[in-house]
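Chemist: Let me give you the structure first, and then I'll get to my questions.
Values quoted throughout were computed directly from the atomic coordinates according to the rules given, and no laboratory measurement underlies them. Predicted, not measured: the structure shown is a model, and the values here were computed from it. Here the Cβ is made from the backbone with ideal geometry for all residues, glycine too, and neighbour counts use every protein chain on show.
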Amino acid sequence: MSNLSKKPFIITIDGPAGAGKGTISKLVSQNMGFHYLDSGAIYRVIAFEANQKGLATDQISQITELIDEINIQFIGDKIFLTDKDVSELIRSEDIGKFASEIAKNEEIRKNILEFQKSFFKPPGLVADGRDMGTVIFPKAKVKIFLTASIQERANRRYKQLILKEKDVNLTDLFQRIKLRDESDKNRKISPLKAANDAYLVKTDNLSIKQSYEKVMEIIKSKIDR
Ligand code: DC
């Protein structure tokens, strides 16, 4: 779908961990020819670096200093921390948990605000996260809130991890996802929630292709208006 003749605009795709936001957002950005912001990856890279440096999640001033020092780059499908490819390293459950902990802090969120906004360039942006439609890009043209039950998200994650032959336990995954949902939803600053003008898409019984088609239908209906 080409948007070259029109004004650049933003599509936000928010939702809980494991709802398929990343996969769907990438497909949408490819189809639209738009830039893509994986905001969760920013929190994950910071968490990764803080963890490497032996910092705890509550050492906020040290973590904010660290944000000023590091250089995060998205190049194609890869994420670089200075010169190191951390694309895979940041995806562990432990880094996700660390990221969710530090993401509760207002100072840290403020520090990466401008970096996130800088992703909006012509011809447009697909932004994925927790607060894209509510806080970072409240004027986005299309807002999607993608969800699935905890059980469904745990099952999907299990299938992904088993392929990598990791030692995985479904009950443990269910608990971790549940805790991360609670941590992201119940924080005071920029909690995980659907914007008032977001379209809710439940993906429990949908394949990736079906979820993607549903999201594209919503986008088309909004931009054809
Ligand atoms: O989407 P993800 O699982 O990669 O995100 C990791 C954590 O980062 C998530 O549990 C909470 C935090 N996060 C956030 O607070 N705001 C965002 N826009 C994106 C992620």
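Chemist: Enumerate by residue number the GluC sites (Glu not before Pro) in the range 153-214 meeting two conditions: DSSP loop (anything except H, G, I, E, B), and at most 15 other Cβ atoms within 10 Å of the site's Cβ.
Modeler: Values: sites: E165, E182, E213; in loops: E165.
Qualifying residues, ordered by number: E165.
Chemist: Now, a different point. Please compute the length gained on full extension between D204 and I162, using 0.36 nm multiplied by the number of residues separating them and subtracting their Cα-Cα distance.
Modeler: Values: separation 42, 0.36 × 42 = 15.12 nm, distance 2.00 nm.
Here the answer is 13.1 nm.
Chemist: Under 1.5 on a/c is rounded, so check that first for the range 138-225, then, if it is not, pick prolate when a/b is larger than b/c and oblate when it is not; a ≥ b ≥ c are the square roots of the alpha carbon gyration tensor eigenvalues.
Modeler: Values: a/c = 3.15, a/b = 1.48, b/c = 2.13.
Judged from the Cα gyration tensor, the range 138-225 comes out oblate (a/c at least 1.5, b/c at or above a/b).
Chemist: Which of rounded, prolate or oblate describes the range 1-133 when judged by the alpha-carbon gyration tensor and an a/c cut-off of 1.5? Don't skip to the answer; put the middle values down first.
Modeler: Values: a/c = 1.92, a/b = 1.84, b/c = 1.05.
In terms of gyration-tensor shape, prolate.
Chemist: Using the Kirkwood radius over C-alpha pairs as Rh, can you work out the diffusion coefficient of the chain via Stokes-Einstein at 25 °C, viscosity 0.890 mPa s, in µm² per second?
Modeler: Values: Rh = 18.0 Å.
Diffusion coefficient, whole number: 136 µm²/s.
Chemist: Shifting gears a bit: Taking the range 3-44 as the region of interest, what is the percent of Cα-Cα pairs per 5 angstrom bin, listed from the shortest bin to the one with the maximum distance?
Modeler: Per 5 Å bin, starting at zero, the Cα-Cα P(r) for the range 3-44 comes out as 5, 20, 31, 22, 12, 6, 3, 0 percent.
Chemist: Given a Förster distance of 25 Å, report the FRET efficiency between I223 and T23 from their Cβ-Cβ distance, rounded to the nearest 0.05. Show your work: numbers first, answer last.
Modeler: On the way: r = 22 Å, r/R0 = 0.87.
Computed FRET efficiency for I223 and T23: 0.70.
Chemist: Something else now. For L55, what is the net charge nearby, where nearby means another residue's Cβ is under 12 Å from its Cβ and Lys, Arg count +1, Asp, Glu -1?
Modeler: Net of charged neighbours comes to -3.
Chemist: Something else: Where does the range 96-198 land on Rg(C-alpha)/(2.2 N^0.38 Å)?
Modeler: Numbers: Rg = 15.7 Å, N = 103, 2.2 N^0.38 = 12.8 Å.
Compared with the compact-globule rule of thumb, the range 96-198 sits at 1.22.
Chemist: Now for a different question. Run the simple label-point estimate for T171 and L89 please: 7 Å along Cα→C-beta, distance reported in nm.
Modeler: Roughly 3.4 nm, to one decimal.
Chemist: If I model a spin label at N31 and Q62 as a point 7 Å from the Cα along the Cα→Cβ vector, what separation in nanometres do I get?
Modeler: In this crude spin-label approximation the distance works out to 4.6 nm.
Chemist: Still on this structure, please answer the following. If you count the DSSP beta bridges with both ends in the chain, what percent of them are antiparallel, to the nearest 5? Before the final figure, lay out each step's value.
Modeler: Values: 6 of 24 bridges.
About 25 percent, rounded to the nearest 5.
Chemist: Along each principal axis of its Cα atoms, how long is the range 58-134 end to end? Whole angstroms, biggest number first, please.
Modeler: Principal-axis extents of the Cα atoms in the range 58-134, largest first: 39, 29, 24 Å.
Chemist: Using 20 Å as the cut-off for backbone N distance, which residues of the range 98-130 belong to the label zone defined by a point 7 Å from the Cα of K53 along Cα→Cβ?
Modeler: Hits in the range 98-130 for K53 at 20 Å: 98-116.
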